[in-house]
Amino acid sequence: MAVDLNSLENKLAALTDLGVKKALANGAEEAEAFASYADITSINIKTAIIEASQGAPSGIGIRVVVDGKVGFSATSGIDEAQIGQVAKEAVVVARIRPLDPAFKHLPDPVKRSSKDGIIDDRVLEFSEKEALNEVSMLAKRTFEYDKRIKSLWGGVEVWRGTFAVSNSRGLMSCAKGAYIGAGIYCVAMKNGKQKTGSEDITSRKLADFSEVGTKAADRAVKMLEAKPLGKSLKTPTVWENKAIGYLFWNMLNTATNAQNVQEGKSYFKGKIGSKVASNIITVVDDGQLPEGLSTQKIDAEGVPMRKTMLIEKGVLKSFLYDSYAALREDKESTGNAKRPTTSNEPFLATPTVSTTNLVVEPGRKTLEGLVAEVDEGIFITDFVMGVGHANPITGEFSVVAPSAFLVEKGEIIHPLEPLTVAGNFYHALKEVQAIGCDMRLLEIGKIPSIVIEGLTVSG
């Protein structure tokens with residue numbers, strides 16, 4: 001049976017309106033209520049063990065202003081009795097909080113056209129049984145690809161959800177979405193050596209997962225012939241889209257955050273209108289990308305999402321704002337307020353600035369074409385480790401690439417044992433030599449493969 005997101009939207013909208021009224025009745029000068037619901041089906045596999053889980057986390061968070069001070073409280077569940085208690089607690093919290101001189105008021109309604117992303121009825125109707133069948137086929141294809149594949153982890157997740165936001169300044173809106181994802185991480189073994197490979201697809205449309213397992217297995221098997229690089233050098237690096245995507249996001253999500261800029265925590269502070277990247281680099285934050293996994297009609301404060309140019313032909317054009325950061329500069333929010341979604345309980349936290357769908361404008365060459373133009377260098381594929389330990393304020397990073405290849409005269413020579421790749425991301429942006437046409441949809445946006453000059457590679 002399909003999940004009825006439209007009915008859920010209406011229910012949540014009514015609950016947020018009630019939350020605002022309850023907060024005002026308890027002494028709040030301003031109030032905002034955010035409620036969300038998610039229907040989640042997850043089927044995971046660990047070699048031969050399959051685990052299924054299904055849940056529907058829901059709840060409401062209420063933010064209030066009392067004497068210019070902001071308070072917040074939240075709860076799981078969305079019945080009326082709980083809402084009244086949360087409203088009372090938010091007011092109590094506000095009264096004991098310190099005054100934030102930078103806070104002006106909750107967001108006003110913003111009039112601009114916006115839409116939710118693609119919603120596929122087949123995803124809304126996708127059953128637990130169908131997910132179980134997909135996982136079984138993923139495992140079967142992975143093991144059948146090569147007898148050297150000895151173990152795997154992976155699964156399928158289906159997410160269908162909606163949220164609503166209301167506030168006392170006349171704002172009331174809702175957003176909804178649905179996606180399905182599948183992934184495999186596997187281990188290949190030969191003569192005591194073991195190597196890993198992974199592949200995944202997440203989409204707003206019902207996707208074809210038939211090659212996910214075989215691609216993961218192929219990545220792992222290829223690495224069994226890896227040899228040590230045996231040296232340290234500065235060299236061109238070709239980054240597959242999957243490998244570079246999360247490094248791009250980790251750095252730019254911090255550097256383009258207007259609040260970080262205001263507080264001196266961004267490398268891009270004072271650089272609007274300046275060249276910060278190679279001329280071939282154009283980056284947008286597109287909250288209206290139809291296929292984007294973060295696309296919604298509104299952000300976590302109810303402000304319509306939009307497309308914002310961040311870097312155009314190497315020149316920094318804009319930062320990203322929620323209402324708090326925007327009002328500090330007498331500007332309008334760019335629709336980039338986001339609440340944490342890692343636990344599927346975004347109602348438990350207040351919004352902060354974040355990218356939506358980070359999109360790097362593609363070039364014209366295929367990935368093979370990028371490699372073919374490298375006389376001597378390293379080709380980095382699959383995922384890299386350590387992105388989360390990079391310093392997004394200074395740009396310094398050092399990551400481990402478990403799946404990399406030596407390139408000579410435009411040809412891939414052989415796989416390499418794990419390499420360390422280090423440098424400064426913001427310096428590297430100016431050293432991007434080429435961009436591929438192979439755009440890949442990731443959780444953080446759409447990213448092509450790229451070639452960067454002058455990073456230090458050791459192994």
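Screening Ser73 with (1) surrounded by 15 or more Cβ atoms within 10 Å (Cβ to Cβ); (2) in a helix (DSSP H, G or I); (3) without any contact (Cβ under 8 Å) to a residue 40 or more places away in the chain gives one miss only, at (2).
Within segment 180-199, the set of residues being charged (D, E, K, R) and either more than 30 Å from the chain's Cα centre (by Cα) or under 16 Å from Lys46 (Cβ atoms) (or both) comprises Lys190, Lys193.
Using the structure shown, decide if Phe143 is on the phi < 0 side of the Ramachandran plot, among the hydrophobic types (A, V, I, L, M, F, W, C) and either surrounded by fewer than 20 Cβ atoms within 10 Å (Cβ to Cβ) or not assigned by TED's automatic domain parsing to the domain that holds Asp39 (or both). Reasoning before the result, please.
Numbers: on the phi < 0 side of the Ramachandran plot: yes; among the hydrophobic types (A, V, I, L, M, F, W, C): yes; either surrounded by fewer than 20 Cβ atoms within 10 Å (Cβ to Cβ) or not assigned by TED's automatic domain parsing to the domain that holds Asp39 (or both): yes.
Spelling it out, Phe143 is indeed on the phi < 0 side of the Ramachandran plot, among the hydrophobic types (A, V, I, L, M, F, W, C) and either surrounded by fewer than 20 Cβ atoms within 10 Å (Cβ to Cβ) or not assigned by TED's automatic domain parsing to the domain that holds Asp39 (or both).
Here is a check on your reading of the model: is Thr355 more than 30 Å from Val165 (Cβ to Cβ) and either among the polar types (S, T, N, Q) or within 26 Å of the chain's Cα centre (by Cα) (or both)? No; evaluated as a whole, the condition is false for this residue. Applying the set (1) over 15 Å from Met251 (Cα atoms); (2) touching a residue at least 12 places away in the same chain (Cβ under 8 Å) to Thr342 leaves exactly one unmet item: (2). Scanning segment 279-295 for residues that are surrounded by 21 or more Cβ atoms within 10 Å (Cβ to Cβ) and of a type in the set (Ser, Thr, Tyr), we see that the one that is nearest to the chain's Cα centre (by Cα) is Ser294. When the residues of segment 248-261 are filtered to those that are crowded, with 22+ Cβ neighbours inside 10 Å and of a type outside the set (S, T, N, Q), the one that is farthest from Ala428 (Cα to Cα) is Ala258.
Of the residues making up segment 1-11, those that are surrounded by fewer than 15 Cβ atoms within 10 Å (Cβ to Cβ), in contact (Cβ under 8 Å) with a residue 40 or more places away in the chain and assigned to a loop (DSSP other than H, G, I, E, B) are Met1, Ala2. Of all the listed residues (Ala35, Ala52, Ala23, Ala14), the sole one being of a type outside the set (S, T, N, Q), more than 30 Å from Glu134 (Cβ to Cβ) and in a strand (DSSP E or B) is Ala35. If the condition is being surrounded by fewer than 24 Cβ atoms within 10 Å (Cβ to Cβ) and either in contact with a His (Cβ under 6 Å, 6 or more places away or on another chain) or free of Cβ contacts under 8 Å to residues at least 60 places away in the same chain (or both), then segment 155-194 contributes Gly181, Gly183, Tyr185, Val187, Met189, Lys190, Asn191, Gly192, Lys193, Gln194. From the list Ala81, Ala94, exactly one residue is out of contact with any Lys or Arg (no Cβ under 7 Å at 6 or more places or on another chain), assigned by TED's automatic domain parsing to the domain that holds Gln194 and more than 30 Å from Arg219 (Cβ to Cβ). Which is it? Of the residues listed, the single one that is out of contact with any Lys or Arg (no Cβ under 7 Å at 6 or more places or on another chain), assigned by TED's automatic domain parsing to the domain that holds Gln194 and more than 30 Å from Arg219 (Cβ to Cβ) is Ala81.
Of everything in segment 370-421, what is of a type in the set (S, T, N, Q), without any contact (Cβ under 8 Å) to a residue 60 or more places away in the chain and outside any strand (DSSP E or B)? Give them in sequence order. Full working, then the answer.
Of all residues in segment 370-421, those of a type in the set (S, T, N, Q) come to 381, 391, 394, 398, 403, 420.
Those still in the list that are without any contact (Cβ under 8 Å) to a residue 60 or more places away in the chain too: 391, 398, 420.
Asn391, the sole residue that qualifies.
Of the numbered criteria (1) surrounded by fewer than 16 Cβ atoms within 10 Å (Cβ to Cβ); (2) in contact with a strand residue (DSSP E or B) (Cβ under 9 Å, 6 or more places away or on another chain), the one Ile201 fails is (1). Check Val123 against each of (1) in contact with a strand residue (DSSP E or B) (Cβ under 8 Å, 6 or more places away or on another chain); (2) under 30 Å from Ala326 (Cβ atoms); (3) among the β-branched types (Val, Ile, Thr) and name the one condition it does not meet. With respect to (1) in contact with a strand residue (DSSP E or B) (Cβ under 8 Å, 6 or more places away or on another chain); (2) under 30 Å from Ala326 (Cβ atoms); (3) among the β-branched types (Val, Ile, Thr), Val123 is out only on (2). Looking across segment 400-459, the residues that are of a type in the set (Val, Ile, Thr) and out of contact with any Leu (no Cβ under 9 Å at 6 or more places or on another chain) come down to Val407, Thr420, Val432. Of all the criteria given as (1) within 26 Å of Asn6 (Cα to Cα); (2) crowded, with 19+ Cβ neighbours inside 10 Å, the one not satisfied by Leu206 is (2).
In the set (1) within 20 Å of Met172 (Cα to Cα); (2) of a type outside the set (A, V, I, L, M, F, W, C); (3) at pLDDT below 95, the condition left unmet by Gln288 is number (3).
Scanning segment 348-372 for residues that are in contact with an Asp or Glu (Cβ under 7 Å, 6 or more places away or on another chain) and over 30 Å from Gly61 (Cα atoms), which turns out surrounded by the fewest Cβ atoms within 10 Å (Cβ to Cβ)? Out of the qualifying residues, it is Thr366.
For segment 413-426, the condition holds for no residue, the condition being that it is crowded, with 22+ Cβ neighbours inside 10 Å, of a type in the set (S, T, N, Q), in the same structural domain as Val261 (by TED's automatic domain parsing) and modelled with pLDDT of 95 or more.
The values are calculated or read from the model by the stated rules, or taken from the named source; none is laboratory data. Computed from a prediction, not measured in an experiment: that's the story for all the values here. Cβ sites come from the backbone with ideal geometry, for glycine too, and all protein chains shown count toward neighbours.
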